[in-house]
Amino acid sequence: MSRPRLSATLLGLTRDEERALAAAVDLDLAALCTLLQRVMWGIHQADIIRVDVDAVIATLRARFPGLFLTDLAAGYVHWTRGRFDDADEALARARDTTPPDHPFAYIMPSDEEWSRAPRPGRLLEVVPNQVWRLSTYRTADLRPWLETVATLVRLDSGALVLMNPGRLEPHVIAEIRALGPVSHVVTPVKFHHLFIEEAARAFPEAKSFGTAGHAKNPPSRHIQLDGVLDDDAPLFPGELEHRTVHGTELGEVLMFHRASRTLLVNDCLVANREGVAFEMRLHNLAFGVHDRVGVPCYHPLLWMNLRRMQGCFRAALDDWDFDRVALAHGPWDAVESGARDELRRSLTWFLELGALGQYGLMATFFARQPSFLRDFVRFKLRGG
């Protein structure tokens, strides 16, 4: 029996499931997500992808008049440009037209999330005396706050390991020091590099480890690391295990905290639901992740060796008895319990995907975004 055809918009769903969701919300989801993606690129990756954001917003208004997500996207653009009165007016229109029972209503920001007041980092104990999570925020120019989450783990020796470091404010550094000595700072994905040096200054006694990709990624080439995560030389055997995800440009190393049975994932998977920061909710919906842990629709472009990548995830699912999935851009309890079985189910499509299936997803993506490949190649030729 032939397998159901996959949605190229919401990876992990079949085309029939995409059609059912589209009918439930009475929207052309492929068209909506395609336009929202262009808004995201025009704001966050203008150095790579050329987008006339105003023209995209006009197209959104023409294609989806009266849709709350259209006004929300317009308000988001105003925000990034510092036009806060216009942003607030657009948000008010979006709130007035959001049906409370709409499947996408969770995307709407709270007053706190829309506020321009600085948000201090928060260190939260999630497993008593074992694991803490640190939510920090950063801005670039006038963008809304983007959340990244660090994880702090206590080893059997009493020493602490800080993973995926974010901005470290003085009060957070003091809180961490009060818990014990930090022996290692670990950054397990190559695209997370902004705070490696800041963490090294905050905890000079700690050894700093990254991935092999940090030395190859232009923005992080200059960073001095004490070592690189190596599957053949585990740093914390039996306590905090790691496995490199080969075959993808993401350059990620999965981490497994055995005592709390938690799988820590940075960029390979994202979550979209309440509890995820607003900017990530909007971004993840644009790239096809809705109300679940999933894979953004542009990720197949980053898979250089699908079989090898699949093997890494199969090994993690088979070898690690995790019960929870925690994400770098999402909550500690992205999958609160039964995560191993849930992830195995939700990634079945990926684990069974063949090369032709990947090429089909890529072809659909490029057909919907014809300028993406041109602009990305131009960026790479410039040395990006």
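Pairs are defined by a Cβ separation below 6 Å, a sequence spacing of at least 6 or placement on different chains, a first member in region 336-361 that is assigned by TED's automatic domain parsing to the domain that holds Gly247, and a second member that is of a type in the set (Asp, Glu); the pairs so defined are Ser337/Asp323; Ala339/Asp323. The set of residues in region 93-134 being surrounded by fewer than 14 Cβ atoms within 10 Å (Cβ to Cβ), of a type in the set (A, V, I, L, M) and assigned to a loop (DSSP other than H, G, I, E, B) consists of Ala117 alone. Only one of the numbered conditions (1) at pLDDT 95 or above; (2) crowded, with 17+ Cβ neighbours inside 10 Å; (3) within 30 Å of Tyr359 (Cα to Cα) is violated by Ile49, and that is (1). Being in contact (Cβ under 8 Å) with a residue 12 or more places away in the chain, surrounded by 15 or more Cβ atoms within 10 Å (Cβ to Cβ) and not acidic (Asp, Glu) is a description that does not apply to Gly238. Residues in region 253-273 that are in a loop (DSSP other than H, G, I, E, B) and hydrophobic (A, V, I, L, M, F, W, C) were compared, and the one that is farthest from Ala316 (Cα to Cα) is Ala259.
Scanning region 157-207 for residues that are at pLDDT below 95 and either assigned to a strand (DSSP E or B) or of a type in the set (Phe, Trp, Tyr) (or both) yields Val189, Phe191, Phe195.
Each residue in region 214-230 was checked for being within 23 Å of Val182 (Cβ to Cβ) and crowded, with 16+ Cβ neighbours inside 10 Å, and 5 pass.
Is it fair to say Ala233 is free of Cβ contacts under 8 Å to residues at least 12 places away in the same chain, surrounded by fewer than 21 Cβ atoms within 10 Å (Cβ to Cβ) and among the aliphatic types (A, V, I, L, M)? When the stated conditions are applied, Ala233 passes them.
How many residues are of a type outside the set (A, V, I, L, M), at pLDDT below 80 and within 23 Å of the chain's Cα centre (by Cα) when one looks only at region 331-384? Total satisfying the criteria: 9.
The values are calculated or read from the model by the stated rules, or taken from the named source; none is laboratory data. All values derive from a computational prediction rather than experimental measurement. Please note: Cβ atoms are built from the backbone with ideal geometry, for glycine as well, and neighbour counts cover all protein chains shown.
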